[in-house]
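See below for the structure under consideration.
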Amino acid sequence: MLMSNDLSAVVQRTIEKGPLVHAITNSITINDCANIILAGGGRPTMAESPEEAEEITACADALVLNLGNPSPEKIKAMLLAGREANRQGIPVVFDPVGVGASRFRMKAAADLLGNIRLSIIRGNASELRYLAQGQKSTSGVDAGKDDRVTEQNLSEWITQLQGLSARWGAVTVVSGEWDVVADASHSCILHNGHSMMRKITGSGCMLSALMGTYCGGNPGDPFAAAVAASGVMGISGERAYRNVQKQGGGTSSFRIALIDAVSQIQDTHWEEELHFAYR
Amino acid sequence: MLMSNDLSAVVQRTIEKGPLVHAITNSITINDCANIILAGGGRPTMAESPEEAEEITACADALVLNLGNPSPEKIKAMLLAGREANRQGIPVVFDPVGVGASRFRMKAAADLLGNIRLSIIRGNASELRYLAQGQKSTSGVDAGKDDRVTEQNLSEWITQLQGLSARWGAVTVVSGEWDVVADASHSCILHNGHSMMRKITGSGCMLSALMGTYCGGNPGDPFAAAVAASGVMGISGERAYRNVQKQGGGTSSFRIALIDAVSQIQDTHWEEELHFAYR
Amino acid sequence: MLMSNDLSAVVQRTIEKGPLVHAITNSITINDCANIILAGGGRPTMAESPEEAEEITACADALVLNLGNPSPEKIKAMLLAGREANRQGIPVVFDPVGVGASRFRMKAAADLLGNIRLSIIRGNASELRYLAQGQKSTSGVDAGKDDRVTEQNLSEWITQLQGLSARWGAVTVVSGEWDVVADASHSCILHNGHSMMRKITGSGCMLSALMGTYCGGNPGDPFAAAVAASGVMGISGERAYRNVQKQGGGTSSFRIALIDAVSQIQDTHWEEELHFAYR
């Protein structure tokens, strides 16, 4: 079982190593993703053309694949990059953004799941439920109201994620008001963060990019990387909210404060603010 | 005639509904557009591949088409999305960014105008004049000096926009120091905002995205949506400038403060700061 | 030899002229590039489709080509735009982002160098060394540790850059803790900036975009434009750091403060903070 000081070590090792993180991601939050990788201690590189995706991946310490705003070329690059990562033993994080929103994304997700060994699959409740049940969402890229993880359905979610983890051989994570991180035999529940994270774009994308960063700094322990990233983002969200409240700021100030908080996390006793439990 | 409390209701209804807004837009300001949609109470979704543009549109409450940094694939996606929006009765906002800057954009604009029933067409004076007269601009994406809307030529602009509104069956909006919103039989003049809005990229794109958001929250009343968005952005610009001045910030702080102000507008008596008149 | 008040004039002339700057750049930092062009007094326009790249370039005062996250279509647009710029006598700035990271980028760089007359080539030490020696980097888009410009190897770098400048007929610039600007017969060393500039994405891209802006405002003097941009960015980095420190901010606040400082530079005696010397 991970203790909170183990999580602190995950963050610290990443900063010491400065892993190169290759992200093939969407144009909406690509700048935020690059900046969160840097804030977490990594070095971002983004290359979404099939012409170079493999070669760039071969030098990286981690690969992040994000399904937002996809194109056929980008999916092709993801498949090439993912297979190369597998050949090189580089951890791969997959964020199935809005997977239930179109047949094109569904097919792309199936192709990625079928051809690449993933280390972490992270999404919101709707995205994970689609992956689990093949159920289409009609609510865009946010979790639908019926899909939210609540205190009442936590056990159900743990069971579901552990099944998915066993099926895909990956750590699975559902994020929201409650976060659940699972592999086939373990699970961890986190209850940090702030509702203002839903009022900016990119909270989820940044979390996946941070997971990739911590994976790069801690290869071989994607479970710890996923828990640490979920904790760091949640606590950073809480701290950002307090800072912004003090200064009367709105959602855009919150976005700045959130990345700030991640970039400053290692100088603080953040583990003490964690609300988490292993089941 | 709309009263200022009607405009307040436009904003409020949007927040209550939380409309899903599909934007096919440019990579330069895509993140700002997503964040302004959220700040206005909407939920953004961006999908610019022809593979999924129709399907994503079918679930949306509004569609925003932005001509900045276009590619043939993206124009194809816009046409597919626009036609689907028309079939489903979803309002469509069109922002002809830099339309006079190339034959490619001129042709794309003509295709979109010819094939899609638009609810709102919003641009700066040069863009609108090009659409009206087929006159090419050589000043990039900003309004040329000879094109500015001034107190002196307001009447001329109203007449011109009403003609365009009649021709295209859409609400037309020219934005700048003065904003004019028109349909075939009504018009509204607004005089809010701050010159610093021209020192950041995306002021216009964000305004169009906010119009889409308010259209999504108030389907069937694009005129009120356009007036409310123009008013909210103008007043947010003034408030942002005052905040930034107080703290000695520059243009980047202004951009953050502008989105902040939009995200906080509903908690204030913003209608009292409106300078607007119906003609 | 340039005096510091000449550099101040470079900045001032740009603000008075308001040059139109066409940038074909990467999606990661495209928004920052547009905003830094505005902060420097220019007007950004971005068009990366081969369909319109030439036509947009023809109206511009400067062209900036950035190799980050390239695609075959974008390289094609760069070649078309670059040739048009040459025909029109418009200065061209080239930033070979991550050029050593893939064969695709190496070939693209060779095509651009072989077909376009460049005014300025600016990169970090690894990128410049690759261009000089054909040596591949394996450290992503950042300068590798062995490549850093230090006080010890400054003379070597000057010789190397002057050779490159003679070969390519361009001003060459290597940026980092020390900046070196050279043409075939002159060189200038600058020692400003702050290490936090490496903790955000886009410092280099923004510097290249600012060089393009100053080139647009001072056609015919790319050397002065390159020195002025390096000085303004370095001093803005130092000022941004001091501001952020005072308020306890992190890396994202630093990014905002950096663009702020550039937008405010002309109201200050920034030349007095310059650490620079001609050799």
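A few comments on the model shown:
- Exactly one residue out of A:G220, A:G248, A:G234 is farther than 17 Å from A:N35 by Cβ and within 14 Å of chain B (Cβ to nearest Cβ), and it is A:G248.
- Whether a residue is out of contact with any Phe, Trp or Tyr (no Cβ under 9 Å at 6 or more places or on another chain), under 23 Å from C:D61 (Cβ atoms) and not aliphatic (A, V, I, L, M) was assessed, and C:G217 passes this test.
- Tally of residues being at the interface with another protein chain (Cβ under 7 Å from one of its Cβ atoms) and within 25 Å of C:T25 (Cα to Cα) across region B:33-43: 2
- Considering region C:44-65, the residues that are at the interface with chain B (Cβ under 9 Å from one of its Cβ atoms) and either touching a Cys at 6+ places or on another chain (Cβ under 9 Å) or aromatic (F, W, Y) (or both) include one that is farthest from C:Y214 (Cα to Cα), namely C:M46.
- Scan of region C:258-272 for residues that are of a type in the set (D, E, K, R) and at pLDDT 95 or above, ordered by number: C:D260
- The residues of region A:73-92 that are over 18 Å from A:S27 (Cα atoms), in contact with a helix residue (DSSP H, G or I) (Cβ under 6 Å, 6 or more places away or on another chain) and among the β-branched types (V, I, T) amount to a single one, A:V92.
- Under the condition of being within 14 Å of chain C (Cβ to nearest Cβ) and touching an Asp or Glu at 6+ places or on another chain (Cβ under 7 Å), the residues counted in region B:170-197 number 0.
- Of the residues in region A:253-269, none is free of Cβ contacts under 8 Å to residues at least 40 places away in the same chain, outside any helix (DSSP H, G or I) and within 14 Å of chain B (Cβ to nearest Cβ).
- Residue in region C:147-169 that is part of a strand (DSSP E or B) and either within 14 Å of another protein chain (Cβ to nearest Cβ) or among the β-branched types (V, I, T) (or both) present: no
- Residue satisfying all of: in region A:35-85; of a type in the set (S, T, Y) and under 18 Å from A:C205 (Cα atoms); farthest from the chain's Cα centre (by Cα) among these: A:S71
- Subset tally (residues that are assigned to a helix (DSSP H, G or I), closer than 16 Å to C:P96 by Cα and of a type in the set (S, T, N, Q)) for region C:170-223: 2
- Any hit, region B:117-126, residues being part of a helix (DSSP H, G or I) and away from chain C (no Cβ under 12 Å): yes
- Within region B:101-129, tally of residues that are over 16 Å from the mean Cα position of the chain (by Cα) and crowded, with 24+ Cβ neighbours inside 10 Å: 3
Rundown of residues vs (1) open to solvent by 10 Å² or more (accessible area, probe 1.4 Å); (2) touching a Leu at 6+ places or on another chain (Cβ under 9 Å); (3) of a type in the set (A, V, I, L, M, F, W, C), yes/no style:
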| residue | (1), (2), (3) |
| --- | --- |
| B:V174 | no, yes, yes |
| B:E177 | yes, no, no |
| B:M206 | no, yes, yes |
| B:Y214 | no, no, no |
| B:P219 | yes, no, no |
| B:V227 | no, yes, yes |
| B:D267 | yes, no, no |
| B:H275 | yes, yes, no |
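- When region A:1-30 is limited to residues that are within 14 Å of chain C (Cβ to nearest Cβ), in contact (Cβ under 8 Å) with a residue 24 or more places away in the chain and among the aliphatic types (A, V, I, L, M), the one that is surrounded by the fewest Cβ atoms within 10 Å (Cβ to Cβ) turns out to be A:I15.
- For region C:89-100, a residue qualifies if it is within 14 Å of another protein chain (Cβ to nearest Cβ), over 15 Å from the mean Cα position of the chain (by Cα) and closer than 15 Å to C:V64 by Cα, and exactly one does: C:I90.
The values are calculated or read from the model by the stated rules, or taken from the named source; none is laboratory data. Everything numeric here is computed off the predicted structure, so don't read it as measured data. So basically every Cβ, Gly included, is an ideal-geometry build from the backbone, and we count neighbours across all protein chains shown. Heads up: the accessible areas ignore ligands, DNA and RNA and are worked out on the full protein's heavy atoms, side chains in. Shrake-Rupley method; radii C 1.70, N 1.55, O 1.52, S 1.80 Å.
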